[in-house]
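Computed from the coordinates by the stated procedures, all read-outs in this text should not be read as laboratory data. What you are looking at is a predicted structure, and each value in this text was computed from that prediction instead of being measured. Please note: Cβ atoms are built from the backbone with ideal geometry, for glycine as well, and neighbour counts cover all protein chains shown.
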Amino acid sequence: DMPLCRWRYTFLPAFQTVLNVWQPQYTHMFEGIIAGPKPWLYVHLQLPGGTENLGKPEYDLKIGTQAPMVGTLMRVVSAQRSEDSRLILVVQGISRVRVLEATQMLPYSRANVQLLPDFEQLEAYQQSASRMLEAADPQDQFGELDLGVPRLNDQPEWCRTVALAGAVAEERQWEVYEAAHPVEQINNMSPLVPFNFSVEALCSKKASLHADK
């Protein structure tokens, strides 16, 4: 159940920027986020027309409406309050997510979301998922005995679920490398998240272990 920031622009993974938050609903949302423990996470989801369309039925977070359902998991890495109560936030895009179900629409949106790795990454895990399910299939464990149930590796939804779990696990291992915290100075900050080269070897080793499994 993640808080959603629905603005008119798109924000992609591996990008970072400074947000100047002044809208009451989002000031309330971010105050709640930074009042809790780190990591401070939320989801950026494009909303055509911006906050003016919050609460309109045609932009409800449902399949078939005009609302985009794929967004970006974001991390707040620093927060400052200005004298006029605005929030100045440094945020980074971490990875893609897909909205599964809205849990709140006003004063700001919340939803259950699922991490969404790149298609190539998911495809690479499909064969591993099929092999793993075949090895765990009770039909194979009981030889020629017909148990009257479908074979696990013949079920596309099982393969997709296992492949997704593997791809997400590998992606999480690279997160500390691909999304290093920026320098606290926000002037002239790069629009791209810097790599953390000091952990490259460790992340590569952990990712390889997940891929082998």
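For every residue, the table says whether it meets (1) charged (D, E, K, R); (2) at positive phi; (3) in contact (Cβ under 8 Å) with a residue 60 or more places away in the chain; (4) not in a loop (DSSP other than H, G, I, E, B).
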position: PRO48; (1), (2), (3), (4): no, no, no, no
position: GLY55; (1), (2), (3), (4): no, yes, no, no
position: GLU58; (1), (2), (3), (4): yes, no, no, yes
position: GLY64; (1), (2), (3), (4): no, yes, no, no
position: THR72; (1), (2), (3), (4): no, no, yes, yes
position: VAL76; (1), (2), (3), (4): no, no, no, yes
position: GLN80; (1), (2), (3), (4): no, no, no, yes
position: LEU89; (1), (2), (3), (4): no, no, yes, yes
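Per-residue answers, yes or no, for (1) in a strand (DSSP E or B); (2) over 15 Å from SER85 (Cβ atoms):
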position: CYS5; (1), (2): yes, yes
position: GLN16; (1), (2): yes, yes
position: ASN20; (1), (2): yes, no
position: GLN25; (1), (2): no, no
position: MET29; (1), (2): no, no
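Is it true that TYR9 is aromatic (Phe, Trp, Tyr), under 18 Å from LEU87 (Cβ atoms) and in a strand (DSSP E or B)? Step through it out loud before you land on a result.
Numbers: aromatic (Phe, Trp, Tyr): yes; under 18 Å from LEU87 (Cβ atoms): yes; in a strand (DSSP E or B): no.
When the stated conditions are applied, TYR9 does not pass them.
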